[in-house]
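Read the structure below first, then the notes.
The values are calculated or read from the model by the stated rules, or taken from the named source; none is laboratory data. Remember, it's a predicted structure, so these values are computed and weren't measured experimentally. When we count neighbours, we look across all protein chains shown, and the Cβ atoms used for this are built from the backbone with ideal geometry, even at glycine.
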């Protein structure tokens, strides 16, 4: 459940983060030129409303559509968003944009899948253009009559609820829900999806809004990082906290403190306490901002503070920091010696054991099972939601480590996880983005981290590359028993007693799971495959493999082989004596199946294999 919430939060953030520059532009124009701004200018202030009402929602919808349906999805999302905006012209439709953008991408993606291969030659452009036009028009109408009014009603409901909290003096208690949601990576969705529309309504009449202060104040996280800096018992965590503090407070990248809180969930009490205290102060002294602070740094908050309001904003930040620090300090002191490094190292070891990521010699394995030659590697992609902020920071850290190790020819570039360029063979990303990274860069080796500043995986990457280039085996694997990661001798089981078909599949599938080639879901997909296609191909041979929907459950390409001399009833009149389970994605999948079929091209060939030893079968299939 937690992983699903995090994934949802990151998806929403992915729509907002690439457009932060637009939020900053709107914020600066608002802070400078509205009547209560630094340099009031009635003409320039006319840009404020159109940017909030049209530019920002359309950009979000465009990005959301692109994330789901590519460029065609982006256009669909933008068209549909106009309907939502016009259907509720009195409200900023940022929430509506977050809904209709991905919906537009989904609709056009499904349409394209439905007509793939069915469009007459020469009519492709006609169908492509009119499909977006017609479906976009329909979605815009739905947005006008349904989505826009519904989102407006939601905003009215939220506004009414907030008014009740304000009138009862309970608005600070909103932080009880906001702070836990933030560490689940819902921070940008909450800020720009909920508080920005509410704040815009309030700022219209008051010239500023307290809603812009709820999520963005970096003080609560700063207090936690200060406590780790002062009282952490392990050196790595203690030394990493100051750098994280600077990035968090001055850079506004709140995600950097989330791992520190997740290490000890009791620290949520500190972030909640700090945020609640600051909000009581903000409520008591009517502190607010004239527009959203994007990103949530103290510098951004000061830039969009009302004229003469900077001191109050600083005090609000200091209150949140102090209260959070006071609550976090004893929690950190009593938390024992478990460290961020230990947690990350343990996680890395488990990943290595389960995924079989490290391989012998000069090669490593990509997400699709293909080999990546570390000797010729010259570029690494560091990916995050938006391709800014955390990925830029992580790329800089990794680049310094590579240069210090004499690997300055390898350049580390930062990208959005959805837009990793074709041809990149090595990707580093946060562990919660791994599935999106696999889709974006299937031919790349993917390394996941949980801390951008001081991830132990950085040193492991450097060591692996150095080992490959010096022709050392950095995986400590026995190359005689681990040939390219494709086949292990322990996964060749001979002379098994007859069992039913599903038991045979699950038994051989467990070999793939235990060796780190696939997840258990892939084995379920192998069983499901038999419902749509019998994998017995004649000659007493069956090649069970997963259905297309579980290709993403493959960690590395691999085989497992079992023999049943007395035969198994495989259905459809097929008796199987040789079972070869396959885990391989993309074009490699088809190629692997073809090679196995050629090796077992006759009953005689299969019968010969049934009488081979483990070593002989290993030599036959290892490549």
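Restricting the first member to the stretch 110-132 and to residues that are surrounded by 13 or more Cβ atoms within 10 Å (Cβ to Cβ), and the second to residues that are in a loop (DSSP other than H, G, I, E, B), the beta-carbon pairs closer than 7 Å and six or more apart or on different chains are 127/119.
Hey, any hits in the stretch 427-438 for a residue that's modelled with pLDDT of 80 or more, in a loop (DSSP other than H, G, I, E, B) and more than 25 Å from residue 242 (Cβ to Cβ)? No: zero hits.
Taken together, 593, 620, 578 contain a single residue that is under 22 Å from residue 502 (Cβ atoms) and modelled with pLDDT under 85, which is 593. Every test in (1) closer than 22 Å to residue 15 by Cβ; (2) in contact (Cβ under 8 Å) with a residue 24 or more places away in the chain is passed by residue 71 save one, and that test is (2).
In the set 57, 102, 50, only one residue is closer than 28 Å to residue 195 by Cα, out of contact with any helix residue (DSSP H, G or I) (no Cβ under 7 Å at 6 or more places or on another chain) and either buried (at least 23 other Cβ atoms within 10 Å of the Cβ) or without any contact (Cβ under 8 Å) to a residue 24 or more places away in the chain (or both); that residue is 50. Examine the stretch 230-248 for a residue that is under 25 Å from the mean Cα position of the chain (by Cα), modelled with pLDDT under 80 and surrounded by 22 or more Cβ atoms within 10 Å (Cβ to Cβ), and state whether such a residue exists. Yes, there is a match, as at least one residue in the stretch 230-248 is under 25 Å from the mean Cα position of the chain (by Cα), modelled with pLDDT under 80 and surrounded by 22 or more Cβ atoms within 10 Å (Cβ to Cβ).
Which of the helices (runs of 4 or more DSSP H) found entirely inside the stretch 4-121 contain at least 2 residues meeting this: at pLDDT 90 or above and not assigned by TED's automatic domain parsing to the domain that holds residue 435?
Numbers: elements: 20-33, 56-87, 94-115.
Ranges flagged: 56-87, 94-115.
Among the conditions (1) in contact with a strand residue (DSSP E or B) (Cβ under 9 Å, 6 or more places away or on another chain); (2) outside any helix (DSSP H, G or I), residue 313 misses just one, which is (2). In the stretch 512-523, the residues that are not assigned by TED's automatic domain parsing to the domain that holds residue 545 never reach a residue that is in a helix (DSSP H, G or I) with C-beta atoms less than 9 angstrom apart, at least six apart or across chains.
Across the stretch 499-535, the qualifying residues are those that are part of a loop (DSSP other than H, G, I, E, B) and in contact with a helix residue (DSSP H, G or I) (Cβ under 9 Å, 6 or more places away or on another chain), and the one among them that is nearest to residue 555 (Cα to Cα) is 517.
How many residues are farther than 16 Å from residue 384 by Cα and buried (at least 17 other Cβ atoms within 10 Å of the Cβ) if we restrict to the stretch 408-441? Even if it seems obvious, please write down each step before you answer.
First, pick out the residues of the stretch 408-441 that are farther than 16 Å from residue 384 by Cα: 408-411, 422-423, 425.
Among the residues that remain, those that are also buried (at least 17 other Cβ atoms within 10 Å of the Cβ) are: 410, 425.
Of the residues in the stretch 408-441, 2 are farther than 16 Å from residue 384 by Cα and buried (at least 17 other Cβ atoms within 10 Å of the Cβ).
Filtered by the rule that a residue be touching a helix residue (DSSP H, G or I) at 6+ places or on another chain (Cβ under 6 Å), within 22 Å of residue 435 (Cβ to Cβ) and assigned to a loop (DSSP other than H, G, I, E, B), the stretch 372-414 gives 385, 386.
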